[in-house]
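S.K.: Starting off with a structure, shown below.
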Amino acid sequence: MTFSTLMTVLLYGVTIGATYTLIASGLSIVFGVMGVLNFAHGSFVMLGAYTGFTIVRLTGNFWLAFAIAPLIIALLGGIVEKLMVSRLYGKDIPSTLFLTFGLSMVFSNAVLLLWGGSSYSIQLPSYFRGFINLFGIYYPKFRLFVLIFSCVLVGVMWLFLSRSRWGLPIRAGLFDLETVEAFGINIYRVFSILFIVCSAIAAVAGVIIGAMRSINPMMDLDLINVALIVIVIGGLGSFKGALIGSLILGLAEAFGAQAAPGFAKFTTWLIMAGVLLLRPKGLFSEH
Amino acid sequence: MAKDKGERALKKDLMSRRDFMKTIGVAGGAALMTGLPGPLYSAQAAGPEIRIGHVTALSGVSSDMGPLLDKGLRLAFSLSKYKDRAKFFLEDSQSKPDVAAQKALKLYEKDNVHLLLGPILGNESPAVAAVLKPKKKILLEAYGANAYLVGKDCSPYTFMLGHTSYNMSVPLAPWFLKTLGKKVFLVGADYRTGRDVALYFREAFEKIGGKVVGEFYSPLGSSEYAPYLPQIRNAKEKPDGVFGFYIAQDCINFVRQFEEFGLKKDGYVYVNAIGGLGIQYLDAMGEAAVGFYDSFHTVPYADTPQNRIFMAAWQKAYPGQIIDEACMGGFDAGTCIIKALDAVQGDSTNTEGLVSVLHKIEYESPRGKVRMGPNNGTIVPVYARKVVKKDGKYRHEGTFLGYYGTPCGPQYEWGACSLGCPSS
């Protein structure tokens with residue numbers, strides 16, 4: 001492998017990983033703080049993609065989709081949290097898993113009814129189409145935007161969790177909810193806000209993925225699959241774990257495809273199996 | 001979950017069927033009044049029910065195609081003299097071979113259908129054929145591509161109306177050499193059909209002096225091709241074109257990323273076998289697909305007399321709905337069945353009579369002239385289709401490559417058919 005190819009694959013792997021971070025971080029945080037293994041998280045990404053696609057088709061404005069789709073999905077996330085998920089706080093993990101698994105089926109069937117079984121994709125503005133030559137590496141402009149945007153968003157999320165007043169109870173909640181409540185913090189309000197924010201981030205990921213790949217009613221399963229692998233590798237409940245897990249997965253896919261194309265997907269499962277054997281709670285588990 | 005999806009899709013289909021029945025009368029009436037030619041538009045025939053079963057994907061990976069195939073089938077009958085006698089029984093295969101086989105048996109044994117239109121996927125068709133063959137029940141395959149069904153697993157009761165990997169890839173070899181050049185880079189989804197297409201093309205291409213300069217096969221269901229695409233650019237010799245087979249979502253993602261990573265701009269042309277650049281995917285591919293090619297046996301919106309009839313009827317029945325390969329496939333199958341019924345005086349219970357007629361059937365449909373080969377596989381027109389943009393819409397420009405069936409014999413992997421084998 002030449003140096004140029006190595007750098008190309010490295011860059012592609014990091015970009016894939018950055019997209020995975022957007023998908024997996026919400027799932028990981030919601031589980032870590034709220035104890036809710038949200039199987040419908042992939043559905044929020046999918047609904048974000050479909051909503052974004054519809055907005056672009058109606059208005060022709062990509063940025064409107066990028067702004068409005070997360071708001072709509074955040075509203076949906078808020079309704080789901082208030083009416084259903086909140087009733088299971090304090091219950092065991094399988095209860096929330098069954099609830100959100102059922103919700104994911106409802107959402108995928110709703111997508112099938114509303115948009116049909118056809119494939120779509122979000123059309124990008126002309127200035128995002130094409131590629132730039134980065135030191136001999138052909139790199140699509142939109143992917144460069146995705147890489148920068150993901151880094152900024154991840155940075156903001158990290159600052160929010162580690163430095164803000166709101167981040168403190170969330171981090172504390174990872175270890176001891178009762179003590180957080182004892183300080184007079186309405187932890188259920190924190191839960192609601194967290195669920196809404198993570199739904200919105202999922203929708204952002206959906207709009208980005210919808211512009212990079214095709215949108216279809218079964219994409220939610222692929223997405224939740226990716227997110228679960230990432231958090232198994234990185235560790236449930238850990239933002240840092242989601243970030244590192246995503247990068248490992250992205251790089252494994254990129255280099256696996258070069259080394260043994262037929263086994264590219266197998267590489268990711270192999271890594272997951274290795275992590276489970278050596279560190280069953282993941283690389284950076286907070287629990 | 002798949003079952004749930006299936007039920008929803010089925011309900012949706014039933015609802016659309018009601019709408020369809022309302023509009024179909026208009027379409028049929030219009031066709032009769034305008035005196036359109038051909039056997040489809042003769043006077044009505046009174047008589048007992050013609051019970052037609054259809055097991056197709058209403059859920060699962062090919063769920064976008066199943067309802068369209070069914071609509072095409074019903075549309076053909078609505079324009080025929082059998083429109084009041086035809087009764088349809090639709091079942092969801094869930095895109096799964098075992099479910100497809102089980103539903104096919106149910107249609108024959110419980111619903112007492114007289115003949116059956118089979119499922120879409122290449123792994124579903126043999127599963128259905130295997131359960132129907134010993135029972136001597138008719139199976140027509142409008143879409144399911146499997147060469148074994150016209151090779152060693154052929155049956156007097158199984159009829160392949162569509163294509164195989166072989167007749168959708170081999171005819172492209174001389175065309176590729178003449179149109180694009182002598183050097184090709186092979187790609188494909190790493191499963192049976194993806195590998196077969198590359199294998200048959202390579203054999204035919206190398207035989208006439210072509211050269212393969214590189215190849216890769218990515219896992220079926222991949223959504224990211226970024227890690228693979230540099231291999232095309234890094235090939236030892238620059239290929240004159242890239243040839244392979246991806247299907248549905250895989251093909252959309254591959255074509256979009258092929259353009260995204262600058263290959264198209266640098267003059268690389270992509271050719272996908274077996275209708276991968278089907279009209280239903282072109283909007284999702286957008287500008288990326290324009291100028292690329294695929295192969296198939298139908299060209300939607302082609303300006304031919306039979307296709308004009310079909311398009312007029314479809315647009316009356318389903319205003320604004322796009323005409324794609326699947327609905328044309330359903331209409332083609334309906335046309336074939338109607339022609340066979342004519343030959344047995346509309347007696348759909350005459351299985352042996354139908355089998356004998358279907359074995360030698362010739363008919364014209366929107367895709368052109370079609371005739372059955374001795375191995376019960378059709379010999380169809382094959383087109384190299386270029387994606388173009390006309391009046392803001394993505395369409396195909398077809399180049400006719402000739403009539404091709406699927407040969408069989410001991411030299412082929414799928415073996416010889418006991419009924420006989422066509423020469424090409």
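The values are calculated or read from the model by the stated rules, or taken from the named source; none is laboratory data. Note that the structure is a prediction, hence the values are computed from the model and not measured. Neighbour counts are summed over all protein chains in view; Cβ atoms, including those assigned to glycine, are modelled from backbone coordinates with ideal geometry.
S.K.: Scan segment A:119-129 for residues that are over 24 Å from residue A:219 (Cα atoms) and either within 7 Å of another protein chain (Cβ to nearest Cβ) or touching an Asp or Glu at 6+ places or on another chain (Cβ under 7 Å) (or both) and jot them down.
M.R.: Once the filter is applied, which keeps residues that are over 24 Å from residue A:219 (Cα atoms) and either within 7 Å of another protein chain (Cβ to nearest Cβ) or touching an Asp or Glu at 6+ places or on another chain (Cβ under 7 Å) (or both), segment A:119-129 yields nothing.
S.K.: Limited to segment B:212-224, what total is found for residues that are within 26 Å of the chain's Cα centre (by Cα), under 19 Å from residue A:221 (Cα atoms) and either within 7 Å of another protein chain (Cβ to nearest Cβ) or surrounded by 19 or more Cβ atoms within 10 Å (Cβ to Cβ) (or both)?
M.R.: Residues meeting the conditions: 3.
S.K.: Keeping to segment A:235-277, report how many residues are away from chain B (no Cβ under 14 Å) and under 16 Å from residue A:14 (Cα atoms).
M.R.: Of the residues in that region, 8 qualify.
Here's the yes/no breakdown for (1) among the aliphatic types (A, V, I, L, M); (2) assigned to a strand (DSSP E or B); (3) farther than 24 Å from residue A:56 by Cα:
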{"site": "A:98", "(1), (2), (3)": "no, no, yes"}
{"site": "A:104", "(1), (2), (3)": "no, no, yes"}
{"site": "A:113", "(1), (2), (3)": "yes, no, no"}
{"site": "A:158", "(1), (2), (3)": "no, no, yes"}
{"site": "A:175", "(1), (2), (3)": "no, no, yes"}
{"site": "A:179", "(1), (2), (3)": "no, no, yes"}
{"site": "A:184", "(1), (2), (3)": "no, no, yes"}
{"site": "A:189", "(1), (2), (3)": "no, no, yes"}
{"site": "A:193", "(1), (2), (3)": "yes, no, yes"}
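Quick grid of which residues meet (1) crowded, with 22+ Cβ neighbours inside 10 Å; (2) touching a residue at least 12 places away in the same chain (Cβ under 8 Å); (3) in contact with a Phe, Trp or Tyr (Cβ under 8 Å, 6 or more places away or on another chain); (4) at positive phi:
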| site | (1), (2), (3), (4) |
| --- | --- |
| A:2 | no, no, no, no |
| A:12 | yes, yes, no, no |
| A:20 | yes, yes, no, no |
| A:27 | yes, yes, no, no |
| A:56 | yes, yes, yes, no |
| A:59 | no, no, no, no |
| A:64 | no, no, no, no |
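S.K.: Would a scan of segment B:136-143 turn up a residue that is part of a loop (DSSP other than H, G, I, E, B), surrounded by 23 or more Cβ atoms within 10 Å (Cβ to Cβ), without any contact (Cβ under 8 Å) to a residue 40 or more places away in the chain and touching a Ser or Thr at 6+ places or on another chain (Cβ under 7 Å)?
M.R.: no
S.K.: A follow-up question, please. Within segment A:128-148, is even one residue under 19 Å from residue A:57 (Cβ atoms) and not hydrophobic (A, V, I, L, M, F, W, C)?
M.R.: Checked against the condition, which is being under 19 Å from residue A:57 (Cβ atoms) and not hydrophobic (A, V, I, L, M, F, W, C), segment A:128-148 yields at least one hit.
S.K.: Go through (1) surrounded by fewer than 21 Cβ atoms within 10 Å (Cβ to Cβ); (2) on the phi > 0 side of the Ramachandran plot; (3) at pLDDT 95 or above for residue B:376 and report which single condition fails.
M.R.: That leaves (1) as the condition not met.
S.K.: Another question, if that's okay. Under 7 Å by Cβ, and 6 or more places apart or on different chains, what pairs join a residue from segment B:362-373 that is touching a residue at least 60 places away in the same chain (Cβ under 8 Å) with one that is crowded, with 24+ Cβ neighbours inside 10 Å and part of a loop (DSSP other than H, G, I, E, B)?
M.R.: B:366/B:298; B:367/B:297; B:367/B:298; B:373/B:405
S.K.: What's the total number of residues in segment B:193-232 that are part of a loop (DSSP other than H, G, I, E, B), of a type in the set (Gly, Ala, Ser) and at negative phi?
M.R.: 4
S.K.: Follow-up. So is residue B:140 in the same structural domain as residue B:372 (by TED's automatic domain parsing) and modelled with pLDDT of 95 or more or not?
M.R.: Yes; evaluated as a whole, the condition is true for this residue.
Residues checked against (1) farther than 21 Å from residue B:173 by Cβ; (2) in the same structural domain as residue B:391 (by TED's automatic domain parsing); (3) touching a strand residue (DSSP E or B) at 6+ places or on another chain (Cβ under 8 Å); (4) crowded, with 24+ Cβ neighbours inside 10 Å:
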site: B:237; (1), (2), (3), (4): no, yes, yes, no
site: B:251; (1), (2), (3), (4): no, yes, yes, yes
site: B:255; (1), (2), (3), (4): yes, yes, yes, yes
site: B:264; (1), (2), (3), (4): yes, yes, yes, no
site: B:268; (1), (2), (3), (4): no, yes, yes, no
site: B:280; (1), (2), (3), (4): yes, yes, no, no
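S.K.: Given the condition touching a Phe, Trp or Tyr at 6+ places or on another chain (Cβ under 6 Å), crowded, with 21+ Cβ neighbours inside 10 Å and modelled with pLDDT under 95, answer yes or no: does some residue in segment B:409-423 qualify?
M.R.: Within segment B:409-423 (the criterion being touching a Phe, Trp or Tyr at 6+ places or on another chain (Cβ under 6 Å), crowded, with 21+ Cβ neighbours inside 10 Å and modelled with pLDDT under 95), the answer is yes, since at least one residue qualifies.
S.K.: For residue B:155, indicate whether it is among the hydroxyl-bearing types (Ser, Thr, Tyr), under 16 Å from the mean Cα position of the chain (by Cα) and crowded, with 18+ Cβ neighbours inside 10 Å.
M.R.: Considered against the rule, which asks whether it is among the hydroxyl-bearing types (Ser, Thr, Tyr), under 16 Å from the mean Cα position of the chain (by Cα) and crowded, with 18+ Cβ neighbours inside 10 Å, residue B:155 comes out as no.
S.K.: Can you pull out every residue in segment A:130-141 that is at the interface with chain B (Cβ under 8 Å from one of its Cβ atoms) and of a type outside the set (Phe, Trp, Tyr)?
M.R.: A:130, A:140
S.K.: Only one residue in A:264, A:252 is within 20 Å of residue A:25 (Cβ to Cβ) and in a helix (DSSP H, G or I). Which one?
M.R.: Going through A:264, A:252 in turn, the sole match is A:252.
S.K.: For segment A:46-62, indicate whether the set of residues that are more than 14 Å from chain B (Cβ to nearest Cβ), in contact with a Cys (Cβ under 8 Å, 6 or more places away or on another chain) and assigned to a helix (DSSP H, G or I) is non-empty.
M.R.: So far as segment A:46-62 goes, no, none of its residues is more than 14 Å from chain B (Cβ to nearest Cβ), in contact with a Cys (Cβ under 8 Å, 6 or more places away or on another chain) and assigned to a helix (DSSP H, G or I).
S.K.: With respect to residue A:16, is the statement that it is assigned to a helix (DSSP H, G or I), away from chain B (no Cβ under 14 Å) and not basic (Lys, Arg) true?
M.R.: Against the criterion (assigned to a helix (DSSP H, G or I), away from chain B (no Cβ under 14 Å) and not basic (Lys, Arg)), residue A:16 does not qualify.
S.K.: Next question, about the same structure. Does segment B:284-314 hold any residues that are crowded, with 21+ Cβ neighbours inside 10 Å and either within 14 Å of chain A (Cβ to nearest Cβ) or among the acidic types (Asp, Glu) (or both), and which are they?
M.R.: B:284, B:285, B:288, B:289, B:294
S.K.: Scan (1) under 13 Å from the mean Cα position of the chain (by Cα); (2) under 28 Å from residue B:232 (Cβ atoms) for the single condition residue A:220 breaks and write down its number.
M.R.: The number of the failed condition is (2).
S.K.: Follow-up. Is there a residue being part of a helix (DSSP H, G or I) and either in the same structural domain as residue B:154 (by TED's automatic domain parsing) or at positive phi (or both) anywhere in segment B:358-368?
M.R.: Yes, because at least one residue in segment B:358-368 is part of a helix (DSSP H, G or I) and either in the same structural domain as residue B:154 (by TED's automatic domain parsing) or at positive phi (or both).
S.K.: How many of the residues in segment A:92-111 are in contact with a Ser or Thr (Cβ under 8 Å, 6 or more places away or on another chain) and at the interface with another protein chain (Cβ under 9 Å from one of its Cβ atoms)?
M.R.: Of the residues in that region, 2 qualify.
S.K.: Something else about it: Identify, please: which residue in segment B:181-211 is buried (at least 19 other Cβ atoms within 10 Å of the Cβ) and within 14 Å of another protein chain (Cβ to nearest Cβ) and is, among those, nearest to residue B:171 (Cα to Cα)?
M.R.: B:198
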